[in-house]
């Protein structure tokens, strides 16, 4: 039995996908029954790294998703449109979907999975999170029997590369971003990466699987790394931390596990002080790492290349393989494989960020008055913010630089204390506010 | 549809398995369709941590594996017999198997999988390697499209616990083993763990999946950690290494990938110097970590709890879930799901350890003669062993202690050089010979 697939897009990941499928020796033998039948591209003239017969190539993407010969559409266009519409059309035609498109899935997942459920087709997305690292399949299958408590991940390679270089070289964000752009590690428009939007897409997807509910992307609290300065990295280092952009999905510890619909979860992306001894502290450069905690598993960690042609293609092709394997078992199956399909109905309740309880790191610039630390302490105390340490680190010009680390506090209380502190005459500014894992 | 399972054994893992299946809220809803119908135990009187209706319990294990009501037999007895015979009987009766029994699978896997193939049933073994860490399923599925180059793992928690404590406390193996036995981290008879036999079982299983061939357990070169001394740990530390018991399965770099049956693989378990910067160097205590390298994935790392009731039960129940999911999709399927079944026919060619090319660390005790280092150098040179460093570290009594680190050498050449060195009058003994990753 031969399964015919169509690739939408022949960029980095599309090329990697084609390479695997055209060179199957030494890989899973099922791949020999998978044939690239169509490749949709924007331009037929562009030189390609991979040799495909010209008659497979077309710029008519609509034709591909309605072509009755195609069993599986592999969407690797990226971006919202036409990717979303093409996926929906393919689904309506009874085709299975494999996609690496976290932006579409995190925004239109409800629409797409509802359509897939109705059409009786699979929508697979291992490549959307963590590049080649197996994380979606393990969450659905090997870890599926656990009550997941939290997922904490470094899921964006570009920001991890920038933060790692800032850590190693002591450089400022803007300079290293510019260099990363020059080297191809960051896009010309770096917004999606450095402002945390890409990580937000990914944690929304992981949370939806882990907590078996739909997620509104707007519920993810999202801060990027533009505010992280070389000074913060130095101070964090002295305190025993590195700074990482973490994406966190966490079941509210106050909620009971009995009715998942009544509980709330936290969903957030922000630069975070991570203790050097934590497993995520050593995930450097473009690598990704994802920590899953649950009951009874405890803590498991997945790490590896979070992007790139080969690794992401590995995830794409493994999804194709999974669909092919299920179809091969029985093409006339009465229902979808329940671990590979997705039929969430309810939306998860996401707690507002002000309800978060966490430790904070904050850096203040103030006049060099003897009473400033006292004033800070008084304001924090009034708002029930308990401090672990207050240290005057040095000077910037004629301003004193003070670093505060709190114990666990409710974020709302901490923000109220900061609002009051900003009104103090001696306080010039608060250049950094970071959470501590 | 309700699937009836029988547990063979209600020890640590059996208890954890029952706990998950009896408390399904907040877990994958498919679990609600899985019923514990029988539990086979040695003694009905033993107090149990988990409450099961008395009428489910029986000491008649034979009855269980032939009972027509049972769909899936979950073998958690451990040991070779009666586990093997019971599994074979259950298979002959058309029952699916879930097992955590690495000893049986690594020795009788060919017999068991051949029987399962004939009977059209699944034999699932996620729990046999890495406790709760998903590694078997990812190798079969998410990583299945890769050409796997190597698997390098810390897969035995007891030895990792002992080595970690030796590293932290500077203690000797025998003392820390005794303490680990007292604390329940090592068995009264520690042979299977400390001599590397358990790790050998596990790497044989992983290699069989990664390289899609059968493995003869006797082909695994196996050294345990009894020879590792506090002195070695101190010297390794000075050189930038920690000592870990690694299990390695590696495709011979000289072989071509075109015909997997013609290539050779390395299969070995031995204490190894691991650079402190390597991801496995920070896997400590009873934790396990497994590095998978392949093309095009690059390197992915899985780590987490390698043993324990809850984590191992997580793996067991995920296998039950996987079988139930496939059966639910279509009970009348004409063939087994190809990614969950196993039909290897050929045996992998395993290279003799003398063909291994690796770096070595060796510690010599010699008379304190001025020419000893020169003699060592001459003998090594004669056998084409190129040295990276030779350092006289200190004295033990009136004997000088010399540590040698080689460049990559063929193991056979290195051993010949050592044979010659042992005949040198000035050389007293060679207390440690360790490989370097």
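Picking from A:425, A:169, A:126, which is most flexible by a Gaussian network model of chain A using Cα springs under 10 Å?
With Cα springs under 10 Å in chain A, the top fluctuation among A:425, A:169, A:126 is at A:425.
Report the residues of region A:214-237 in range of a label on residue A:396: point 7 Å along Cα→C-beta, backbone N strictly under 15 Å from it.
Zone members listed by number: A:226-236.
Shape call for the protein assembly as shown from the C-alpha gyration tensor, a ≥ b ≥ c root eigenvalues: rounded (a/c under 1.5), prolate (a/b greater than b/c) or oblate?
rounded
Can you put A:353, A:97 in order of Cβ neighbours within 10 angstrom, beginning with the fewest?
A:353, A:97
Classify region B:168-327 from the C-alpha gyration tensor, please: rounded if a/c falls under 1.5, else prolate or oblate depending on whether a/b exceeds b/c. All intermediate terms of the calculation are to be shown ahead of the outcome.
Values: a/c = 1.80, a/b = 1.28, b/c = 1.41.
Since a/c reaches 1.5 but b/c is at least a/b, the shape of region B:168-327 is classed as oblate.
Using Cα pairs under 8 angstrom and six or more residues apart, how large is the relative contact order of region A:134-303, in percent?
Values: 308 pairs, mean separation 58.0, N = 170.
Reported relative contact order: 34 percent.
If you stretched the chain out fully between residue A:275 and residue A:35, how much longer would it get, using 0.36 nm times the residue separation minus the C-alpha to C-alpha distance?
Extra length from residue A:275 to residue A:35 when fully extended: 81.6 nm.
Need one word for region B:353-434: rounded, prolate or oblate. Basis is the Cα gyration tensor (sqrt eigenvalues a ≥ b ≥ c); a/c below 1.5 gives rounded, then a/b vs b/c decides.
Because a/c hits 1.5 or more and a/b exceeds b/c, region B:353-434 counts as prolate.
For label points placed 7 Å from Cα toward Cβ, what is the shortest-first list of nm distances from residue B:216 to its copies?
Between copies, matching label points for residue B:216 lie 6.5 nm apart.
Using a 7 Å offset from Cα along the direction of the beta-carbon, what are the separations from residue A:367 to the same position in each other copy, nm, ascending?
In nanometres, ordered from closest: 8.3.
Could you work out the helix-only [θ] at 222 nm for the protein assembly as shown, with each DSSP H run of four or more residues adding -39,500 (n - 2.57) and the total divided by the number of residues, to the nearest 500 deg cm²/dmol?
When only DSSP H runs of four or more count, the value is -10000 deg cm²/dmol.
I need to check one value: relative contact order of chain A, counting alpha carbon pairs closer than 8 Å and at least 6 residues apart, in percent.
Once normalised by length, the contact order is 16 percent.
With labels modelled as points extended 7 Å from the Cα through the Cβ direction, what inter-label distance (nm, one decimal) is found for residue B:367 paired with residue A:216?
8.6
Pop the C-beta distance of residue B:1 and residue B:172 into the FRET formula with R0 = 60 Å and round what comes out to the nearest 0.05. Working shown, then result.
Numbers: r = 57 Å, r/R0 = 0.95.
Efficiency computed from Cβ-Cβ geometry: 0.55.
For chain B, set up a GNM with springs between Cα atoms under 10 Å and report which of B:381, B:120, B:131 has the largest fluctuation.
Of B:381, B:120, B:131, the Gaussian network model singles out B:381 as fluctuating most.
Taking R0 as 45 Å, what FRET efficiency do you get between residue B:425 and residue B:81 from their Cβ-Cβ distance, rounded to the nearest 0.05?
After rounding, the FRET efficiency stands at 0.30.
Would you mind telling me which residue in A:409, A:98, A:269 has the biggest mean-square fluctuation in a Gaussian network model of chain A, where springs connect alpha carbons within a distance under 10 angstrom?
The residue with the greatest mean-square fluctuation here is A:409.
Evaluate the distance, in nm, between pseudo-label points positioned 7 Å from the Cα of residue A:252 and of residue B:357 along their respective Cα→Cβ axes.
For the pair residue A:252/residue B:357, the computed spacing is 6.0 nm.
Can you list the distances in nanometres, one decimal and ascending, from the residue B:183 label point to the identical position in each other copy, with the point 7 Å along Cα to Cβ?
4.1
Could you pull out which residues in region A:368-408 have an amide N less than 19 Å from a spot 7 Å beyond the Cα of residue A:234, following the Cα-Cβ vector?
Output list for this probe position: A:368, A:390-405.
Rounded to the nearest 0.05, what FRET efficiency do residue B:285 and residue A:66 give with R0 = 51 Å and r taken as the Cβ-Cβ distance? Could you check?
That pair, residue B:285 with residue A:66, gives E of 0.35.
Read the figures in this text as sums done on the coordinates, not as results from a lab. None of these values were measured; they are calculated from a predicted model. All Cβ positions, even for glycine, are placed from backbone atoms using ideal geometry, and neighbour counts span all protein chains on display.
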